[in-house]
Amino acid sequence: MSGNEGRRAGRHFLQIPGPSPIPERILRAMDMPVIDHRGPQFQKLGQRVLAKIKGVFKTDSHVFIYPTSGTGAWEAALANLFSPGDLVLMYETGHFATLWKNMAARLRLRPEFIGSDWRGGVDPQRIESRLREDAGHSIRAVCVVHNETSTGATSRIDEVRKAIDAVGHPALLLVDTVSGLACADYRHDEWGVDVSVSGSQKGLMLPPGLGFNAVSEKALAFARKAETAKQFWAWEEMIAPNAHGFFPSTPATNLLYGLDVAIDMLNEEGLEHVFARHQRYGEATRRAVAAWGLETICLDPRLHSPVLTGVMLPKGCDADRFRTIALDRFDISLGTGLGRLASKAFRIGHLGDTNELTLLGALAGVEMSLRLAGVICEASGVLAAMTYVRETSSPETASRAPRLRPNSRPLSERFSTI
């Protein structure tokens with residue numbers, strides 16, 4: 001708070017695309033004494049969460065849990081599977097795909113990056129074309145981001161798997177679903193994913209601190225031949241202790257208490273209802289953006305994210321100044337533009353434990369802040385979102401509502417290029 005460092009009444013609106021707000025029920029679940037992580041009480045907790053997390057990934061395979069962030073879970077996937085010099089095909093959907101590529105290079109792998117303009121998601125045809133060129137099967141894996149948190153594009157992982165299969169290529173499929181898991185539909189086994197990477201602070205509604213690798217049997221066999229040095233990250237070190245509810249190193253006990261309850265909450269609502277709720281709030285947000293006369297970063301309506309909406313500001317408008325106004329005047333935190341989007345865009349998170357009134361309040365804060373920042377709004381985005389929310393009072397009615405049509409006008413010169 002730049003103007004007044006004293007207490008502010010009311011709740012803070014945390015509308016970044018993660019960490020997401022933590023429900024009271026989960027906070028209370030974590031408010032426990034630390035227990036012996038080698039004792040029988042912990043064993044029961046470990047057995048519960050290791051079994052229950054499989055349902056969130058929709059897998060029957062191993063899910064390894066680390067006391068780390070999503071970045072650590074990225075490294076675990078790469079370090080377990082590959083040897084220095086291995087060629088991996090990666091796709092530039094945005095800032096986080098770029099960071100994963102940079103990590104692969106630091107681990108002395110050879111990442112080959114399929115470039116893009118950050119305005120959409122993974123193009124399966126480009127992956128298929130590159131794999132067809134790889135007659136000698138030098139490419140060891142295809143690595144893609146499910147939900148690109150920097151842009152608001154959700155790629156079709158099932159189509160990526162079909163592209164790999166169409167070529168008959170043996171490459172593994174690695175997917176970052178750090179922000180997608182428990183927000184957008186995700187099916188590790190059905191989609192033929194070999195390693196799914198995720199974290200605790202998005203759809204799972206926990207603080208940062210847990211990283212996940214869901215791992216296929218094919219990936220486990222692949223890992224036994226990998227020569228990248230690792231100890232803490234090693235899957236083989238996890239398998240035997242996990243079978244009895246334990247971990248090879250000290251686990252994040254209190255976060256596991258929270259995870260236990262978080263999965264219960266997701267199951268009580270029903271994962272399909274969770275996904276429908278996120279889709280509905282994403283659609284309401286995009287209708288607000290369209291009413292304001294602004295552009296979403298993602299231009300492909302098929303790939304609009306249910307997790308967050310990235311918004312471009314017109315040329316000459318500083319997105320960081322706008323975000324500062326929003327925080328100072330209305331106590332709302334919005335996501336910053338990352339990488340090549342810095343100062344050009346902002347992001348509205350609509351994920352996790354949120355509801356209609358929270359979303360509409362957040363959009364009201366955004367609209368007031370846009371006007372204070374000198375951004376000319378064509379109409380009220382809040383009214384557009386309210387109308388959609390009112391007319392789609394359930395997931396069933398939302399599924400029958402007409403989708404927002406993409407703007408038929410050519411891309412406006414009002415907006416900066418990325």
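The values are calculated or read from the model by the stated rules, or taken from the named source; none is laboratory data. Values in this document were obtained by computation on a predicted structure and should not be read as measured data. Cβ placement follows ideal geometry from the backbone for every residue including glycine, while neighbour counts extend to all protein chains displayed. Quick note on the areas: whole protein, heavy atoms, side chains included, nothing else; ligands and nucleic acids left out. Shrake-Rupley method; radii C 1.70, N 1.55, O 1.52, S 1.80 Å.
Got a sec to turn the phi values of the stretch 88-95 into Karplus ³J(HN,Hα) couplings, 6.51 cos²θ - 1.76 cosθ + 1.60 with θ = phi - 60°, whole Hz, x for Gly and Pro?
Per residue, the Karplus-derived 3J(HN,Hα) values read 10, 9, 10, 10, 7, 8, x, 5 Hz.
Is there a quick way to get the dipole size of the chain? I mean about its Cα centre, with the Cβ of Lys and Arg at +1 and of Asp and Glu at -1; what is the value in debye to the nearest 20? Please report the intermediate quantities before stating the final value.
Details: 48 positive and 46 negative charges, 124 e Å.
Result for the chain is approximately 600 debye, rounded to the nearest 20.
Tabulate in residue order the Karplus-calculated ³J(HN,Hα) for the stretch 138-153, using 6.51 cos²θ - 1.76 cosθ + 1.60 with θ = phi - 60°, rounded to whole Hz; enter x for Gly and Pro.
Each residue's phi maps through the Karplus curve to give 6, 6, 8, 7, 10, 10, 9, 9, 5, 10, 7, 5, 7, 10, x, 10 Hz.
Let me know the longest stretch in the chain that avoids all trypsin sites (Lys or Arg not before Pro) found in a DSSP loop with at most 11 other C-beta atoms within 10 Å. Show your work: numbers first, answer last.
Numbers: sites that count: R7, R8, R11, R38, R224, K225, R403.
No qualifying site falls inside 39-223, the longest such stretch.
Any chance you could look up the accessible area of V311 with a 1.4 Å probe, heavy atoms only, rounded to 10 Å²?
Ignoring ligands and nucleic acids, V311 comes out at about 0 Å².
In degrees between 0 and 90, to the nearest 10, how far off the longest principal axis of the chain does helix 381-391 point, with axes built from Cα atoms?
70 degrees
Suppose we take every Cα in the stretch 125-180 and form the convex hull; what volume per residue is that in Å³?
Enclosed volume per residue, from the Cα hull, is 76 Å³.
Between helix 70-81 and the chain, what is the angle of the helix's C-alpha long axis to the longest principal axis, kept within 0 to 90° and rounded to the nearest 10?
Helix 70-81 sits at roughly 30 degrees to that axis.
Quick one: what does P(r) look like for the stretch 281-346 with 10 Å bins over all Cα pairs, in whole %?
Percent of pairs per bin, in order: 21, 52, 26, 1.
For the chain, just say rounded, prolate or oblate: build the C-alpha gyration tensor, square-root its eigenvalues into a ≥ b ≥ c, call rounded for a/c under 1.5, and beyond that prolate if a/b exceeds b/c, oblate if not.
Working: a/c = 1.83, a/b = 1.29, b/c = 1.42.
Verdict is oblate for the chain.
Compute the Rg/Rh shape ratio of the stretch 238-288: radius of gyration over Kirkwood radius, all on alpha-carbon atoms.
Details: Rg = 17.0 Å, Rh = 13.7 Å.
Rg/Rh for the stretch 238-288 comes to 1.24.
Over 10 Å intervals from 0, what percent of Cα-Cα pairs in the stretch 1-74 sits in each interval?
12, 30, 34, 14, 9, 1
Could you pull out every residue, at least 5 positions away or on a different chain, whose amide H is within less than 5 Å of the one on R110? Hs are placed 1.01 Å off N in the peptide plane, and Pro or chain starts have none.
G85, D86, L87, V88
Can you list residues whose amide H is under 5 Å from G211's amide H, if they're 5+ apart or on another chain and H is modeled 1.01 Å from N?
Amide H neighbours of G211, under 5 Å, 5+ apart: Y66, T68.
Between the stretch 160-194 and the stretch 49-99, how many Å separate their Cα centres?
Using only Cα atoms, the two centres lie 12 Å from each other.
Principal axes first, then extents: for the Cα atoms of the stretch 238-359, list largest minus smallest coordinate on each axis, whole Å, largest first.
Reported extents, whole Å, longest axis first: 58, 30, 30.
Please give every one of the aspartates and glutamates within straight-line cross-link reach of K230, meaning a C-alpha to C-alpha distance under 12 Å, and leave out same-chain neighbours fewer than 8 residues apart.
Leaving aside aspartates and glutamates fewer than 8 places away in the same chain, those within reach of K230 are E75.
Could you give the C-alpha radius of gyration of the stretch 86-218 expressed as a fraction of 2.2 N^0.38 Å, taking N as the number of residues it contains?
0.99
Just the ratio, please: alpha-carbon radius of gyration of the stretch 162-280 over 2.2 N^0.38 Å, N its number of residues.
Numbers: Rg = 16.1 Å, N = 119, 2.2 N^0.38 = 13.5 Å.
Expressed relative to 2.2 N^0.38 Å, the Cα Rg reads 1.19.
For the stretch 59-122, count the residues as N, evaluate 2.2 N^0.38 Å, and divide the Cα radius of gyration by that value, please. Display every interim value, and only then the final one.
Details: Rg = 12.9 Å, N = 64, 2.2 N^0.38 = 10.7 Å.
Normalised by 2.2 N^0.38 Å, the Cα Rg of the stretch 59-122 equals 1.21.
At q = 0.15, 0.16 Å⁻¹, what log₁₀ I(q)/I(0) does a Debye calculation on the Cα points of the stretch 328-394 give, no solvent, two decimals?
The Cα Debye sum returns log10 ratios of -0.56, -0.64.
Note the angle between two axes, namely the Cα long axis of helix 356-372 and the longest principal axis of the Cα atoms of the chain, as a number of degrees from 0 to 90, rounded to the nearest 10.
Helix 356-372 and the main axis of the chain meet at about 60 degrees.
Given the -39500 (n - 2.57) contribution per DSSP H run of 4+ residues, what per-residue ellipticity at 222 nm results for the chain, rounded to the nearest 500 deg cm²/dmol?
Working: 14 runs with 170 residues, N = 418.
Rounded to the nearest 500, it is -12500 deg cm²/dmol.
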